[in-house]
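What follows is a short report on a single structure.
Laboratory data are not the source of any read-out in this text; all were calculated from the coordinates shown. Because the structure is predicted, anything quoted here is derived from the model rather than measured. Please note: Cβ atoms are built from the backbone with ideal geometry, for glycine as well, and neighbour counts cover all protein chains shown.
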Amino acid sequence: MTATLDQARAVREEDAFDIERVDTFLKQHIDGLEGMPAVQQFPGGASNLTYLLHYPGRDLVLRRPPRGAKAKSAHDMMREARVMGALKASYPYVPAILARCDDERVIGQDFYVMERLGGTILRRDLPPELGLDPAGVRTLCLGFIDRLIQLHQVDATQAGLKELGKGEGYIARQVSGWSERWRQAATEGSDPCEDVMAWLDASQPAHDNASCVIHNDFRFDNVVLSTDNPLDIIGVLDWELATIGDPLMDLGSSLAYWVQADDDPVFQSFRRQPTHEAGMLTRREVVATYGERTGMDVSRWPFYEIFGLFRLMVIIQQIYRRYALGQTTNPQFAGFGDAATYMGMRCRRLIAGKG
């Protein structure tokens with residue numbers, strides 16, 4: 001995370017925590033820490049919160065849920081840390097976990113601390129100082145796909161990972177589960193989207209493609225590029241939603257964020273990663289490349305694409321509900337209700353074959 005590309009900022013008042021308590025806990029679990037850390041907050045991320053702890057001679061990264069989240073909800077920090085610890089040996093791009101805390105007396109919530117990976121995290125636009133021409137951008141994009149494929153090839157039966165899965169029926173559980181989450185996240189005036197949910201239920205494949213480790217939030221702003229070679233992805237972050245599931249569901253979740261150069265202006269306004277750049281593959285090309293490199297049948301892709309968008313719509317609406325209820329005052333969430341409405345409309349266009 002370079003200072004120029006992923007600058008940590010002052011901690012928002014509502015996201016502050018007791019630094020002295022955290023420092024005391026960390027010095028009991030991590031050798032060699034000295035002094036009191038300077039604490040800043042990374043601006044990326046709309047779910048869990050990420051902080052930079054700058055000790056003299058060493059930087060650490062702390063992850064915690066947003067205030068008001070329940071410990072055993074989708075913001076389960078201990079689960080995320082366990083997944084990362086179990087996956088590290090087979091998928092070396094996972095940051096090392098250094099400490100876990102489930103004692104709520106420290107900051108009122110579970111949290112964990114990991115190593116800080118030195119490198120570049122891409123945000124909305126591709127920094128010109130990386131010096132990537134369209135050929136280089138294409139190489140970066142193909143490397144991104146390969147990192148996802150490598151994850152899907154990890155042995156999901158090994159200890160610490162196999163416990164994540166619930167067996168056959170992943171797709172069906174996801175369709176029903178995210179539909180229920182949508183209904184629970186409703187706010188005044190939100191789109192019921194019962195037609196979209198009915199289509200997903202009727203159109204889902206009868207069987208999963210495979211059972212493998214999936215990230216469920218695989219995006220350019222969750223990968224770290226080497227400072228020496230920006231074409232080399234050296235780290236993958238944000239394992240909150242990782243599980244054992246269907247790989248095409250993972251790809252669909254990833255491409256829900258993939259805004260390309262010819263998308264409509266509203267979808268363009270949602271862009272958080274440089275997938276519009278010359279040299280980037282289109283969504284259709286990404287799917288074809290994934291199918292070619294894995295040998296997987298991608299002929300039923302429309303279901304996975306629409307489910308990925310629906311799932312993102314639910315996540316957006318869940319965040320907006322927290323804002324509407326006053327559980328966060330972060331102004332960036334004020335427009336999330338309208339964004340969720342747009343995503344429902346986008347799903348309908350794809351269902352109608354007009355995407």
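Quick notes on this one:
- Those aspartates and glutamates that a straight Cα-Cα span of less than 18 Å connects to LYS166, excepting residues fewer than 8 apart in one chain: ASP76, GLU80, ASP155, ASP208, GLU240, ASP246, ASP250
- Between helix 194-203 and the chain: long-axis angle, C-alpha atoms, 0 to 90°, nearest 10: 80
- Computing FRET efficiency as 1/(1 + (r/R0)^6) for ASP297 and ASP155, where r is the C-beta to C-beta distance and R0 is 30 Å, gives about 0.85.
- Annotation for the stretch 274-348 versus the stretch 124-160: alpha-carbon center distance of 18 Å.
- Highest mobility in the GNM of the chain, judged by mean-square fluctuation with C-alpha springs under 10 Å and restricted to PRO274, PRO92, PRO331, is found for PRO331.
- With K and R counted +1 and D and E -1, the other residues having a Cβ less than 14 Å from that of ASP208 yield a net charge of -1.
- When you restrict to C-alpha pairs under 8 Å that are six or more residues apart and normalise by the size of the chain, the relative contact order lands at 17 percent.
- Neighbour net charge for LYS27 - beta-carbon separation under 13 angstrom, K R +1, D E -1: -2
- Only Lys, Arg (+1) and Asp, Glu (-1) charged, at Cβ; the chain dipole about Cα centre in debye: 460
- Farthest positive-ward along the chain dipole, Cα basis, beta-carbon charges - from TYR112, THR187, THR275: THR187
- Partner aspartates and glutamates for LYS354 [C-alpha distance under 19 Å; skip if fewer than 8 residues away on the same chain]: ASP195, ASP262, ASP263, ASP264, GLU285, GLU305
- Among GLU240, GLU34, GLU305: highest mean-square fluctuation, GNM of the chain, C-alpha pairs under 10 Å: GLU34
- Of the residues ALA10, GLY32, CYS212, the one whose Cα sits farthest towards the positive end of the charge dipole of the chain is CYS212 (charges of +1 on Lys and Arg Cβ, -1 on Asp and Glu Cβ, taken about the Cα centre).
- With R₀ set to 56 Å, the beta-carbon distance separating ALA10 from LYS354 gives a calculated FRET efficiency near 0.80.
- Rounded to the nearest 20 debye, dipole of the stretch 303-355 from Cβ charges on Lys, Arg, Asp, Glu: 120
- Among ASP110, ASP31, ASP195, a tally of other beta-carbon atoms within 10 Å of each Cβ gives an order, fewest to most, of ASP31, ASP195, ASP110.
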